[in-house]
Amino acid sequence: MSGRVAVLGAGKVGTVLARLSVAAGRPTAIAGSGDPAALGMIVDVLAPGAVPMTSADAARSADIVVVAVPLARLGSVPAAALKGRIVVDAMNYWPPVDGALAAFEGATRTSSEIVREVLGAEHLVKSFNHMGYHELDAWALPPGDPERRALAVAGDDPAVVEAVADLVDAMGFDPLALHPLSAGRVLQPGSSDIFGANLTRAELLSTLEALGVAPATARP
Amino acid sequence: MELGIYSFGDLRGISTRERLADLVAQARYADEAGLDVIALGEHHRADFALSAPEMVLAAIASVTDRIRLSTGVTVLSTADPVRVYQQFATLDQLSGGRAEIIAGRGAFTESFPLFGHDLREYEVLFDEKIRLLLRLVKEERITWQGRTRPPLDDALIVPRALQPTLPVWIGVGGTPQSAVRAGRLGASMFLAIFTDPAPARGLVEIYRRAAAAAGHDVDSLRTASGGHMFIGRTSQGARDAFFPYYSEYLSLLPQFPGGMPREVYDQWIRAGLLVGSPQEVIDKIMGHRELLGISRYVGQFDVGGMPAGMVNESLELFATEVAPVVRKEAAA
């Protein structure tokens, strides 16, 4: 598939994901919160080849929209422009750093289910959130490399999960599908040993198994 | 090349009174041993002693002669820049011109609710206040209007610092927009780096481009870096001794709720964390200098509630075996 990508957020995570997307050969747009000149400078250095745009234009240009803004600024994401598109939630809720947010504090649902509701994004999956941006930057490796790290992709719709899994694979990581979206609870900070652990596919599988979470499909 | 230390006044296993007394004594030693700077970081949490670092810096000023006295960082977004300037101008007078400020967000956010600020306003708070502070260091009388504090109408801001311009750095933790801002404002940039310094090359490049585009003399701007540091006589000895304290300390991060695993610790050291023998730490600081062009490195030297004896031994190795060699190699 063509899989045009937009990354909303040009911070620590967004710039790394845009760079990996460009390296994966995907047409890549990127949007940030600052002024266009600052965004241009940042993209030019950190994600050359990605095209700086406004959030709405970036989202409309893409098939897959990766949202990597601070969760406190979720309201700045142009929800209308996401309609019909695959949305990847790369964000985490961690109050000591992000501050307490009413919509997420004490919630029984996973943060991605809340994000899906806030954005009205029908086709939303959770991925990229459980590795740090330095690690995403450092560990992108070709398929088959024994050191390759794994990224879980959690979502309700198998076809949507598969499309994001293809992107994850092309960006240098072994995708591991989880159904449904709420299965992504184990990827959240503080909920298991997965967040921040940089696991290989085999390690992620055995960690999930120990948690009683079964992966959705076995990829070859 | 300048070398220094920084602390948050970690309170694990020690009382506030003892920690502050230790800090003043360690600063005195650092001054006598020829280190260039001590920086104290502001936090508003029960596990750190330094919600008012400028008070401790004033105490240090009175028992030291040469060492520069900095914050690391001042959480400017939730402070009044006028008051910050007054405090540091006073510290500068008391210390004979040794005060500096690193302004930044800091690792935590407790000060926002504490002082009645909305974290979602972080951008406008920091942007407006850093611009005001950078004017205050130059203008004795100031007229200013904005959203984040009451207007100033030809206000007299005294006392003035002893230094012609009180040095103000902007602390950057990895967010590219922060590097753009530091460059545009022509402020020096302090980079927080804990493992591999290589990814920060992009931030330095962005900083320099932004400074040049805004018409600043890029070569006059300074870049510094800092992160966690522990030095032992031997490589393996240092790693083993420091690990339990560091693992416990990093349990405050979301990825290590049960403490940092040893294999991740060893991976971080391989990637660049400054833990090891004097020679290993020398090589890593020189790596920062070569990759990033820094003219100052400061190490957080009392991480994780280590006993004072461990802290002091590491500090002594830094002052006597690391700093002289780094200065010599940097000058070569």
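Derivation of every value follows stated rules applied to the coordinates shown; laboratory data play no part. Note that the structure is predicted; figures quoted are calculated from it, not measured. Heads up, the Cβs are rebuilt from the backbone with ideal geometry, glycines too, and the neighbour counts pull from every protein chain shown.
Given axes a ≥ b ≥ c from the Cα gyration tensor, I'd like to know whether segment B:28-172 is rounded (a/c under 1.5), prolate (a/b larger than b/c) or oblate. Could the numbers behind the result be given before it?
Values: a/c = 2.25, a/b = 1.25, b/c = 1.80.
Oblate, because a/c is 1.5 or more while a/b does not exceed b/c.
Averaged across A:94-101, how many Cβ atoms of other chains sit within 10 Å of each residue's Cβ atom?
Values: counts 3, 3, 8, 8, 3, 9, 4, 2.
Per-residue shielding by partner chains comes out at 5.
Sorted from largest to smallest, which semi-axis lengths in Å does the alpha carbon gyration tensor of segment B:2-331 give for its equivalent ellipsoid, taking the root of 5 times each eigenvalue?
Values: eigenvalues 190, 93, 83 Å².
Semi-axis lengths for segment B:2-331 are 31, 22, 20 Å.
Is the C-alpha gyration tensor of segment B:3-107 telling us rounded, prolate or oblate? Criteria: a/c under 1.5 is rounded; beyond that, a/b larger than b/c is prolate, otherwise oblate.
Values: a/c = 1.71, a/b = 1.03, b/c = 1.66.
Cα axes put segment B:3-107 in the oblate bin.
Lysines near residue B:129 by alpha-carbon distance under 29 Å, same-chain residues fewer than 8 away left out - which ones?
Filter leaves A:12, B:138.
Through the Karplus equation 6.51 cos²θ - 1.76 cosθ + 1.60, θ set to phi - 60°, convert the phi angles of segment B:211-221 into ³J(HN,Hα) values in whole Hz; use x for Gly and Pro.
Ordered by residue, 3J(HN,Hα) equals 5, 5, 5, 8, x, 7, 6, 4, 6, 8, 7 Hz.
Would you calculate, for chain A, the mean residue ellipticity at 222 nm contributed by helices, counting each DSSP H stretch of 4 or more residues as -39,500 (n - 2.57) and dividing by all residues, to the nearest 500? Kindly include the intermediate steps, with their values, before the conclusion.
Numbers: 8 runs with 73 residues, N = 220.
Per the formula, -9500 deg cm²/dmol.
List B:228, B:216 from most exposed to least, where exposure is judged by having the fewest other Cβ atoms within 10 Å. Let's see the in-between values first.
Details: B:228 22, B:216 17.
Ascending number of Cβ neighbours within 10 Å: B:216, B:228.
If neighbour count is taken as other Cβ atoms inside 10 Å, put B:249, B:207, B:29 in order from fewest to most. Before the final figure, lay out the partial values.
Numbers: B:249 23, B:207 31, B:29 16.
Listing B:249, B:207, B:29 from fewest to most nearby Cβ atoms yields B:29, B:249, B:207.
How shielded is B:250-262 by partner chains, expressed as the average number of their Cβ atoms within 10 Å of its Cβ atoms? Show your work: numbers first, answer last.
Numbers: counts 0, 0, 1, 8, 13, 13, 5, 7, 2, 0, 1, 2, 0.
Mean inter-chain Cβ contacts per residue within 10 Å come to 4.
So for each of B:274-280, B:158-164, A:149-155 I average, over its residues, the number of other beta carbons within 10 Å; can you give me the resulting order with the highest mean first?
Numbers: B:274-280: 21.6, B:158-164: 14.6, A:149-155: 27.0.
Result, highest mean Cβ count within 10 Å first: A:149-155, B:274-280, B:158-164.
Per residue of B:115-126, count partner chain C-beta atoms within 10 Å of its C-beta, then hand back the mean as an integer.
On the way: counts 0, 0, 0, 2, 8, 8, 1, 4, 3, 0, 0, 0.
Going residue by residue through B:115-126 and averaging, the value is 2.
Students often get this wrong: which residues of segment B:63-87 have the backbone nitrogen under 20 Å from the point 7 angstrom along Cα-to-C-beta of residue B:145?
Within reach of a label on residue B:145, which here means backbone N under 20 Å from a point 7 Å along Cα→Cβ, segment B:63-87 contributes B:81-82.
Going by amide H atoms built from the backbone, whose H comes under 5 Å of the H on residue B:12, apart from near neighbours?
Counting only residues 5 or more places away or on other chains, the set is B:305.
Counting only residues 5 or more places away or on other chains, whose amide H sits under 5 Å from the amide H of residue A:66 once H atoms are built in the peptide plane?
Those qualifying (amide H under 5 Å, at least 5 residues apart or on another chain) are A:6, A:7, A:8, A:88.
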